[in-house]
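S.K.: The structure under discussion is supplied below as structure tokens; questions concerning it will follow.
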Amino acid sequence: MEIPPLTFQRVFKDEENLESRAVKRYLEVHRAEAVPVDIMEASSEVVAESQRLSRELRARSRDYCQLMNADRQYIHEHGFAYLNSKYCVELWLKADVATREALESIGNAELARGYRDWNDVHEHREQEMMKNIQRYAEAHPFNTGIFLLGAAHRRSIMEKAANLSGGSSSSIEWNFGNYGELIDGWRADAASN
């Protein structure tokens, strides 16, 4: 799970949020173990920089603002069907382009640094999550595992998984199943509403 071990107890066992309820429900009927693989939460300074960046982008970039509004609307209207679709990935790719273009246009070095810091934190976390999954697989062999993470990480994690080189007997075989078909189902559902 995309959760640091230090907050696992609080978030997974003590709090009632959508993710923890879904995992608890799954564990009621399946023999499985929930394992935290994240390394940390972003520092309060990095989170504050990210929030400031988002406010500035909403105020100064029409494209960014429209994309974020669309994302929020799709989440509200379609929930996981949207979040698990390629359309969500495509929208976030467009938002990243809009972010970089707006930062270039704004020309504020502090905002640009905040954007780089936020991306560096996520890159480091994703690298460590992948390593932690591999370590866990080596120490606790299993046939099937599920990696639960936020939609914002999906594209990057899929790319990292595709780039991993096998070789060891405990090497993980990443399988994204019918992921490519999810977008068709979401678009069909969205068109019927």
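Computed from the coordinates by the stated procedures, all read-outs in this text should not be read as laboratory data. Note that this is a predicted model, so its numbers are computed, not measured. When we count neighbours, we look across all protein chains shown, and the Cβ atoms used for this are built from the backbone with ideal geometry, even at glycine.
S.K.: Residues to consider are Arg60, Arg55; find the one that is more than 30 Å from Ser171 (Cα to Cα) and surrounded by 13 or more Cβ atoms within 10 Å (Cβ to Cβ).
M.R.: After ruling out the rest, the residue left standing is Arg60.
S.K.: Tell me which residues, restricted to the range 93-114, are of a type outside the set (A, V, I, L, M) and buried (at least 19 other Cβ atoms within 10 Å of the Cβ).
M.R.: Across the range 93-114, the qualifying residues are Thr99, Gly114.
S.K.: Something else about it: Go through the range 127-153 and give me each residue that's outside any helix (DSSP H, G or I) and touching a Ser or Thr at 6+ places or on another chain (Cβ under 7 Å).
M.R.: Hit for the range 127-153 is Pro141, nothing else.
S.K.: Report yes if some residue within the range 82-99 is among the small types (Gly, Ala, Ser) and in contact with a Ser or Thr (Cβ under 7 Å, 6 or more places away or on another chain); otherwise report no. Before you say what the answer is, go through the steps one by one.
M.R.: Going through the range 82-99, the residues among the small types (Gly, Ala, Ser) turn out to be 85, 95, 98.
Pick out the ones that are also in contact with a Ser or Thr (Cβ under 7 Å, 6 or more places away or on another chain) and you get 98.
Yes; the residues of the range 82-99 include at least one that is among the small types (Gly, Ala, Ser) and in contact with a Ser or Thr (Cβ under 7 Å, 6 or more places away or on another chain).
S.K.: A further question follows. What pairs come up if the first residue lies in the range 70-89 and is touching a residue at least 24 places away in the same chain (Cβ under 8 Å), the second is among the basic types (Lys, Arg) and assigned to a helix (DSSP H, G or I), and their beta carbons are under 9 Å apart, counting only those six or more places apart or on different chains?
M.R.: Leu83/Arg154; Asn84/Arg154; Ser85/Arg187; Tyr87/Arg187; Cys88/Arg154; Val89/Arg154; Val89/Arg155
S.K.: Tell me, which helices (runs of 4 or more DSSP H) lie completely within the range 1-103 with 3 or more residues that are closer than 21 Å to Ser156 by Cα?
M.R.: 44-60, 62-78, 80-83
S.K.: Here's a follow-up. For the range 20-53, name all the residues that are of a type in the set (Ser, Thr, Tyr) and under 30 Å from Ala102 (Cβ atoms).
M.R.: Matches in the range 20-53: Ser43, Ser44, Ser50.
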